[in-house]
Structures are given as structure tokens and as C-alpha cells.
């Protein structure tokens, strides 16, 4: 089959468009940006058992992290960074609410949620809802978590989860994510530009 | 950041016993910067980080850790695949010739399960490392705060 000049032109244009599209998507992903903003939400119990919702924090920036308190490496690392950011924000700290959402709520409630989050920073709000509410929150943040049976882990299981830190704006809009390992100084700089 | 640095270096100078700065040697290996974070109670696993430099010409590997403070110490690796972090058990951690291998946040780490007591900031505890070639060495591990990002003597933290 021979292609006319027009057909060749159209195919070239289509392929070029596809390459540009993929490249833009990839860049957007790697920079932690999305084209479309959305409003993640949650309604989860805090350490005292009171249901806390994303709506009550309108007007503030939210720094949201999903994890579990039995996690020795990833979770303390990120929570330490969040704690450092809160300290370094100084007088602006009141405009930012850090939230730790448990993906292992049953065990975390048993082990004690507040003692864990408070040990990093008194401003961090720990939430551990029931299973459906936790699923719903994760879905609205578009994050993944899963229980993995592992005979080498405490109680025979560990949780795998998205380790990024999510920034939500004062109107509840998703702003960006900080990939795992983003230094506190970088998070602080980003926040200060927005406050 | 500068404050943190200043604080860290001041603390390092003031620390009565800077265990983490101590270096132990076994065969061609030198082991330093051994640290852990404080825990709340004994029900959650503690972590263990360390740095091993292999000055020899033969590759070695860390194949096990033991400590009297935990009934189930293990080597794990934090792996982030497609944006999801999991923590598989590591059978061994390679210590290649002429290189420094770090057990560090977000990578390989020791997971100390079944703690006999909570770890408190300022404590230290022994860990015995078993290397495939070099054999066993027992070192002291410094416990820093839960917010710690490195041993108290380490520059840049």
C-alpha cells in the first residue's frame, strides 16, 4: 500500500502529537503536578474517636500523609520532615494542618495513634477511621494501599502504601504531592511561596 | 536548616558518649554511624541504620543482625515501585569491595521486632553484625530522638 503525501503528513502529525502528549504527561507526573485539580476528602476518627472531616480545615493548607505506626523506616522519615517544616514555618505554622491517615487503622488504634503523631510534632493530627472510611479517603486522594501478608513482619503482615506527602489548598483543592524523600527545606520553600 | 546544623554540631560536641562516631573494624570492613530512633513503648518495631566500608579487594555481604534488645531482628529494604512503598525482607546486603554501603532511611535498614523495652533517646544498645566473609562484629548503636534523621555526630544533619 502506497501512502499519499497527505496521509504521510497526517500520520507524522499524529505521531508527533502522541509523543508530545506522552512527554507532557510524563513531565507533569515526575514534577508531581496534575493537569486537573480535584478535591480529596476524608471523614475519619481521630485518636479520641471524634470524626474529623476535610471540610473543617477549609481556610488552611493540609499536608496529608498516609502510613501506619508500625512502619519503622518510611513513616518516621516523612513525619520527621513534616515536623521540621512545622517548626520552620514559625508564625505561619497556624495556616498549615499536618494530617497522618492510618492505612492500618485497627492496629494503630490499639497501639495508640496520638502518642505516635505527638512524638513527632504536637500539631500533627492522627486519623484512623474504619475500613470503609479509610478506603474512601484513599480513593479520593487517588492513593494505593494494601495489606501484605508477611511471616517476617510483626503480627504477620505489613502495609504497602503510597509514601508521598499531599498538599491540599485552603479551598480543599489538591495542589501537589511531594515525593517520598523530598527534603523538609524544599517543602518549606514551596509552602512559604503559597502562604 | 542552618539552625539544625548548628544544633547538630553543638549536640555532637556536647554528647558525653558519641557512640555513633565510633568506628569498629573487622577484617577489611569498618563499621560506623550506627543509630536508631526512640520508640513509644515496646510494641512497635525499632529501626537500625549503619554504614559499612569495605577497604579490601573482595566483596562481602551483611547476612544477619542480632541484638539482645529484640527477639526478631531482621534486614529489610524499603522499595518504592510505581509510587507504592513496601518493605520486603532482605536476605543479605551487599558490601562490595572498595565501597561504602549504607543502611539508611528509605533504603536498607534493620527492623528490630519484639523489643524487650522501649528505646529512649540517649540510650545505646549492642548489635552483632554477621558478614559472609569477615565474620561477626558487635557494635554499639546510638538511640536518637524519634525525629532524628541521622546519628548525632554526623555532619550535615
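Taking Cα atoms only, the orientation of helix A:131-140 departs from the longest principal axis of chain A by about 40 degrees.
Computed from label points 7 Å out along Cα-Cβ, the spacing between residue A:186 and residue A:58 is 3.3 nm.
The value obtained for region B:2-144, namely the Cα convex hull volume divided by the number of residues, is 134 Å³ per residue. Using Stokes-Einstein with the Kirkwood hydrodynamic radius over Cα pairs, what translational diffusion coefficient do you get for region B:65-157 at 10 °C and a viscosity of 1.306 mPa s, in µm²/s rounded to a whole number? Translational D for this selection: 107 µm²/s. Calculated FRET efficiency, residue A:195 to residue B:82, Cβ-Cβ distance, R0 = 35 Å: about 0.60 to the nearest 0.05. Each part gets one Cα centre, and for region B:87-157 versus region A:122-195 those centres are 26 Å apart. With a cut-off of 8 Å between alpha carbons and a minimum separation of six or more residues, what is the relative contact order of region A:51-143 in percent? After rounding, I find 31 percent. The fraction of all Cα pairs in the protein assembly as shown landing in successive 20 Å bins from 0 to the largest distance is 28, 52, 17, 3, 0, given as whole percents. Here is how the number arises for chain A: DSSP H runs of 4 or more residues each give -39500 (n - 2.57), the sum is divided by the residue count, and the result at 222 nm is -12500 deg cm²/dmol.
One quarter of the surface of the convex hull around the alpha-carbon atoms of region A:43-194 equals 8.3 nm², the direction-averaged projected area.
Potential lengthening of the chain between residue B:133 and residue B:117 amounts to 2.5 nm, from the contour at 0.36 nm per residue minus the alpha-carbon distance. Convex hull of alpha carbon positions in region A:152-195: directionally averaged projected area 4.6 nm².
Rule-based calculations on the coordinates, nothing more; no lab input. Just so we're clear, the structure is a prediction, and the values are computed from it rather than from any experiment. Using ideal geometry, Cβ is built from the backbone for each residue, glycine included, and neighbour counts are taken over all protein chains shown.
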